[in-house]
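Asker: The structure under discussion is supplied below as structure tokens; questions concerning it will follow.
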Amino acid sequence: MHELPVAQSILDITLRHAGQHNARRVRTIYVVIGQLSSIIDDSVQFYWDMIAEGTLAEGAKLEFRRLPAVLQCQACGEKYTPLPGELACPKCESMQVKVISGEEFYLEAIDIEN
């Protein structure tokens, strides 16, 4: 259910941007989500369709782009993309890892019509 506040934040940012640029309507919102994020695209889209109704963003399409996870082993320095369900370093099998990327969540672009 945490996707409702996520969708609301996207809408707030989108409407603020549209207002600053005197948009007639919003066409597409490009959202980047890291692989390790717990955000579910379909749930965000579900809530988006409800809360955008009656706004400049009604009917706007959400385009999601997933970024892969990249971890770095703290023992040997190896950077790698983990296989599903496996976090251990493929080089030395250490579990001492740091997330380099994959937790992102941001709006990359908003396509408006003036």
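The numbers here are math on the coordinates, done by the rules we state, and not lab data. Given the structure is predicted, the values throughout are model-derived calculations rather than measurements. Methodologically, a virtual Cβ is constructed for each residue, glycine included, from the backbone with ideal geometry; neighbour enumeration extends over all protein chains shown.
Asker: Do you know the relative contact order of the chain, to the nearest whole percent, from alpha carbon pairs under 8 angstrom that are 6+ apart? Please list the in-between numbers first.
Answerer: Values: 217 pairs, mean separation 41.5, N = 114.
For the chain, the relative contact order is 36 percent.
Asker: Using only Cα atoms, tell me the angle between helix 3-20 and the longest principal axis of the chain; keep it within 0 to 90° and round to the nearest 10.
Answerer: Taking the Cα atoms of the chain, the angle to 3-20 is about 50 degrees.
Asker: Any idea which of 31, 72, 88 is furthest toward the positive side of the dipole for the chain, if Lys and Arg beta-carbons carry +1 and Asp and Glu beta-carbons -1?
Answerer: Positive-end residue among those listed: 72.
Asker: Compare 99, 31, 70 in a GNM of the chain, Cα atoms joined below 10 Å, and give the one with the largest fluctuation.
Answerer: Sorting by GNM fluctuation, first place goes to 99.
Asker: Let me ask something else. Using modelled amide H (1.01 Å from N, peptide plane; none on Pro or chain starts), what sits under 5 Å from the amide H of residue 61, excluding residues fewer than 5 places away?
Answerer: Result for residue 61 returns 28, 29.
Asker: Taking the chain as the reference, fit the longest principal axis to its C-alpha atoms, fit the long axis of helix 41-51 to the helix C-alpha atoms, and give the angle between the two in degrees, 0 to 90, nearest 10.
Answerer: With rounding to tens, the tilt is 20 degrees.
Asker: Another question, then. Would you please report the Å³ per residue occupied by the convex hull of the alpha carbon atoms in the chain? List each step's numbers first, then the result.
Answerer: Working: hull volume 11.7 nm³, N = 114.
Looking at the chain, the number lands at 103 Å³ per residue.
Asker: Something else now. Checking the cross-link filter: which lysines have an alpha carbon closer than 20 Å to that of residue 79, excluding same-chain neighbours under 8 positions apart?
Answerer: 91, 98
Asker: As a test of understanding, state the convex hull volume per residue of the range 46-97 from its alpha carbons, in Å³.
Answerer: Details: hull volume 5.9 nm³, N = 52.
Hull volume over Cα atoms, normalised by residue count, gives 114 Å³.
Asker: Loop only per DSSP, at most 15 neighbouring Cβ atoms within 10 Å: give me the trypsin sites (Lys or Arg not before Pro) in the range 45-112, ordered by residue number. Numbers along the way, then the final one.
Answerer: Working: sites: 61, 65, 66, 79, 91, 98; in loops: 91.
Filter output for the range 45-112: 91.
Asker: Just how large is the dipole of the chain about the Cα centre, in debye to the nearest 20, putting +1 at every Lys and Arg Cβ and -1 at every Asp and Glu Cβ? Before the final figure, lay out each step's value.
Answerer: On the way: 10 positive and 16 negative charges, 65 e Å.
It comes to approximately 320 debye.
Asker: Roughly what % antiparallel, to the nearest 5, for the DSSP beta bridges in the chain?
Answerer: Details: 14 of 21 bridges.
Bridges in the chain are about 65 percent antiparallel.
Asker: Then there's this: Per DSSP helix of 4 or more residues, -39500 (n - 2.57); summed, then divided by the residues of the chain. What does that give at 222 nm, rounded to the nearest 500? Present the calculation step by step, with values, prior to reporting the outcome.
Answerer: Working: 2 runs with 29 residues, N = 114.
Dividing the helical sum by the residues of the chain leaves -8500 deg cm²/dmol.
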